[in-house]
Amino acid sequence: MLKIGDFSKLSRISIRMLRHYDEVGLLRPVKTNTFTGYRYYGEDQLLVAGRIASLRDMGFGMAAIANIMQEEDQNRVREVLELHCRELRGQAAEISEKLRCTELQIARLGKDYNMNNHYEVTVKELPARYVASVRSVLESYNYEGRLWHVLMSETKDQNLQPGDPCLAFGLYHDYEYKERDVDVEIQMTVSGRYQDTEHVRFKEVPPVLVASAVHHGSYEEINRANVAVMAWIEENGYEMDGQMFSIYHVSPHETQNPDELVTEVCYPVRRK
């Protein structure tokens, strides 16, 4: 048997944590001297200690570790670990997004932007168009790509012919900005007539008068264009007349470089 100090060195777990594991029933010593209170561990418990340390390094709490250690069904253990993997990937993606936003703010420091001069705002009428459309409630705006995948996969047998011009739209139907459960529609102009599928609808969209500005670069900075258009609308005697939308002139489908993206933000308007 091993004294607690020796067991601590071999298992690379502090004596304080070993005592805590004993108190919560996670890893009890083989023997405890009733007179001195010394704890003694068996050599085979080093494997148990290693497994506990591994689960702790994965981010599991004490209660979860205890449940996993007691689980005899290895398929169930696999399910728990796979679920934990998915949760960690989600956290990693969220942290990565926060890192990109922070780096973007660092890059902006010391730069003075005049948004109204940086963007040219124009008023124009978008003509009526025939589109393939997919609309759904998504977890967040970041999942819009799923709708494009649905459109392409469900219409691949219909050999869609692009419209002239071929335009791709993203429409946001919620009254306000939402962090989750967002109502998003995507549209692509097509020529010809086609059959609706399970999720894709083909429809005519009427003409609309819009105030718009073209943004070059990543979506993280697109709010600059939104601010510029909204300021222009207020200063030039117009008012909003519908939900804003975007036209993707160069989308992530064409390039993986965010600096090469070209997006036109459009706000339906009317004269006051």
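Report, largest value first, the span of the C-alpha coordinates of region 156-272 along each principal axis, in whole Å.
Its Cα atoms span 48, 35, 32 Å along the three principal axes.
Assuming 0.36 nm per residue, please report the length gained on full extension of the stretch Glu234 to Val48 beyond their Cα-Cα distance.
Stretched out fully, the Glu234 to Val48 stretch lengthens by 60.1 nm.
Which value, in Å² rounded to 10, gives the accessible area of His216 with a 1.4 Å probe and all protein chains present?
Here the residue's solvent-accessible area equals roughly 130 Å².
Ordered by residue, what ³J(HN,Hα) values in Hz, to whole numbers, does region 68-81 give under the Karplus form 6.51 cos²θ - 1.76 cosθ + 1.60, where θ = phi - 60° and Gly and Pro are x?
5, 5, 8, 6, 8, 7, 5, 5, 5, 4, 4, 4, 4, 5
In the chain, once you exclude exposed chymotrypsin sites (Phe, Trp or Tyr not before Pro) (DSSP loop, at most 14 other Cβ within 10 angstrom), what's the longest stretch remaining?
The longest such stretch corresponds to 178-272.
FRET efficiency for Met58 and Ser14, Cβ-Cβ distance as r, R0 = 22 Å, nearest 0.05?
It comes to 0.75.
When only DSSP loop residues count, what trypsin sites (Lys or Arg not before Pro) in region 67-112 have their Cβ near at most 13 other Cβ atoms within 10 Å?
Here the sparse-neighbourhood loop sites are Lys111.
At 4 °C and a viscosity of 1.567 mPa s, what translational diffusion coefficient does Stokes-Einstein give for the chain, taking Rh as the Kirkwood radius over Cα pairs? Give it in µm²/s as a whole number.
Translational diffusion coefficient: 54 µm²/s.
Rounded to the nearest 0.05, what FRET efficiency do Cys166 and Thr102 have when you use their Cβ-Cβ distance and R0 = 41 Å?
It comes out at approximately 0.65.
Would you mind computing the Rg to Rh ratio of region 125-223 from its alpha-carbon coordinates, Kirkwood style for Rh?
Rg/Rh: 0.97.
Given N residues in region 1-87, what is Rg(Cα) / (2.2 N^0.38 Å)?
For region 1-87, the normalised Cα radius of gyration is 1.17.
If I take R0 = 25 Å and measure r between the Cβ atoms of Ser191 and Thr122 in this structure, what FRET efficiency does the formula 1/(1 + (r/R0)^6) give, to the nearest 0.05?
0.45
Within region 1-84, report the GluC sites (Glu not before Pro) that DSSP leaves as loop and that have at most 10 other Cβ atoms within 10 Å. The partial results should precede the final answer.
On the way: sites: Glu23, Glu43, Glu71, Glu72, Glu79, Glu82; in loops: Glu43, Glu71, Glu72.
Loop-located and lightly packed - Glu72.
On each of the three principal axes of the Cα atoms of region 205-272, give max minus min coordinate, whole Å, ordered largest first.
Sorted from largest, the Cα extents of region 205-272 read 41, 27, 13 Å.
Using only C-alpha atoms and all pairs of different ones, pull out the Kirkwood radius for region 114-170 in Å with one decimal.
Details: mean 1/r = 0.0692 Å⁻¹.
After inverting the mean inverse Cα-Cα distance, the result is 14.5 Å.
Given points 7 Å out from each Cα along the Cα-Cβ axis, report the Glu72 to Asp157 separation in nanometres with one decimal.
5.0
Give the residue list of GluC sites (Glu not before Pro) in region 112-196 that are DSSP loop and have at most 11 other beta-carbon atoms within 10 angstrom. Display every interim value, and only then the final one.
Numbers: sites: Glu120, Glu125, Glu139, Glu144, Glu154, Glu176, Glu179, Glu185; in loops: Glu120, Glu139, Glu144, Glu176, Glu179.
Sites meeting the loop and neighbour criteria: Glu120, Glu139, Glu176, Glu179.
Using a probe of 1.4 angstrom, how much of the accessible area of region 87-193 is carbon and sulfur, in percent?
51
Using alpha carbons only, how many angstrom separate the centre of region 1-46 from the centre of region 204-272?
65
Could you pull out every residue, at least 5 positions away or on a different chain, whose amide H is within less than 5 Å of the one on Leu167? Hs are placed 1.01 Å off N in the peptide plane, and Pro or chain starts have none.
Sorted by chain and number, the residues that satisfy this are Thr189.
The values are calculated or read from the model by the stated rules, or taken from the named source; none is laboratory data. Owing to the predicted nature of the structure, the values given are computational and were not obtained by experimental measurement. Cβ sites come from the backbone with ideal geometry, for glycine too, and all protein chains shown count toward neighbours. Ligands, DNA and RNA are stripped out before the accessible areas are found, and what is left, the full protein with its side chains, is counted by its heavy atoms. Shrake-Rupley method; radii C 1.70, N 1.55, O 1.52, S 1.80 Å.
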